[in-house]
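The structure under discussion appears below in the form of structure tokens.
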Amino acid sequence: MSANGVLAAVNSVIPALRGQLFSEAAQRDPDCARAIVQAYNDWHIDAWCGAAPGRLIPMAVPMFWDVDALVAEARRVAAKGCHAFTFSANPYDLGFPSLHSDYWDPFWAVCQELGIVLCMHLRIQFEVRYHRTGRAIPGRDHASRDPAVHLRG
């Protein structure tokens, strides 16, 4: 990093980029998936990014399947010094409520309270859908072309 003039970097070594691998595991055993996410986040914060504090900035994996567990995890990792989460720009496409639903309100509130930022990689959204109908939007291959697309329909 120093050789390239990079002081610090938000760092992630995330299974399936948005943590959806863990969300799929939660369909079978939510308690086991929760324990795996916590263990992963601990390893990522303490060991991986802990190897270069202040230079490697950790980004936690969310628990999309349980907003109450997600809020608790946000508080837990913030206490460890992690103030970033990877997040889907379109959780509806992963089988979860739209970003525009009130489902996420407790998480948004804790993010605001604790200064947690969400990191979204918009180019990984392969197909944007209307959040109410699930119909694909013709000609849209990712959310970055029109972030308000979820409000239409």
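Sorting ARG28, ARG34 from the fewest to the most surrounding beta carbons within 10 angstrom yields ARG28, ARG34. For HIS100 and ASP42, the FRET efficiency from 1/(1 + (r/R0)^6), where r spans their Cβ atoms and R0 equals 30 Å, is about 0.40.
We did not get these values from a lab; they are worked out from the coordinates using the rules stated. What you see is a predicted model, and the numbers here were worked out from it, not measured in a lab. We place every Cβ from the backbone using ideal geometry, glycine too, and count neighbours over all the protein chains shown.
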